[in-house]
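Peer 1: Below are the structure tokens for one structure; questions will follow.
Throughout, read-outs are computed from the coordinates displayed, never taken from laboratory work. Everything numeric here is computed off the predicted structure, so don't read it as measured data. Neighbour counts run over all protein chains shown; Cβ positions are idealised from the backbone, glycine included.
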Amino acid sequence: MLRISSRGRYGIKAVFELARHYGRAPVPLAAVARAQGVPEPYLEQLMPALKRAGVVQAARGAQGGYRLSRPPGAVTVGDVVRALEGPIHLATCTSDDAEDCPALLECIGPDVWTRVQEVLVAAMDGMTFESLLGRQRGLPGAFGGAMAEKVGGGP
């Protein structure tokens, strides 16, 4: 069963909160944690990976915090998931290690799981934080409808 860990889910929540504040002052992690119901110590562990991936920027000092490194329309759910979870693979036969499988040529798995994975990756890469913000605000064309203020699934 494919599962996005709490790293991925909490990362999506954190980036969504930063997208809500895009173009303003950096957002302290305590504010992100409070707004999205994510433990601040956990966010402290996630932000370096998001920074290395170029998703967020850090600002030091009394007015410090984090901000998106690109506009919300240029940051996708796929960017965040890959930064925190690594490459998106549904099965071993869809990874770079697939050549090591002795049954690769006779197995239907690679065809099935590669196709499903392509759809999943396209959905994640097609879902920008700008579109999520629009959906939250109930704007037409933003995934069709309103959503709760908090995104990213359960804990």
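Peer 1: So, of the residues in region 59-87 that are touching a Gly at 6+ places or on another chain (Cβ under 7 Å) and surrounded by fewer than 18 Cβ atoms within 10 Å (Cβ to Cβ), which turns out to be farthest from S6 (Cα to Cα)?
Peer 2: Taking the candidates together, the pick is A59.
Peer 1: Moving on to the next point. Where in region 1-56 are there helices (runs of 4 or more DSSP H), lying fully within it, with 3 or more residues that are within 18 Å of G73 (Cβ to Cβ)?
Peer 2: Those helices (runs of 4 or more DSSP H) span 6-20.
Peer 1: Restricting attention to region 1-17, does a residue exist that is of a type outside the set (V, I, T), touching a residue at least 40 places away in the same chain (Cβ under 8 Å) and exposed (fewer than 12 other Cβ atoms within 10 Å of the Cβ)?
Peer 2: Looking for residues that are of a type outside the set (V, I, T), touching a residue at least 40 places away in the same chain (Cβ under 8 Å) and exposed (fewer than 12 other Cβ atoms within 10 Å of the Cβ), one finds at least one in region 1-17, hence yes.
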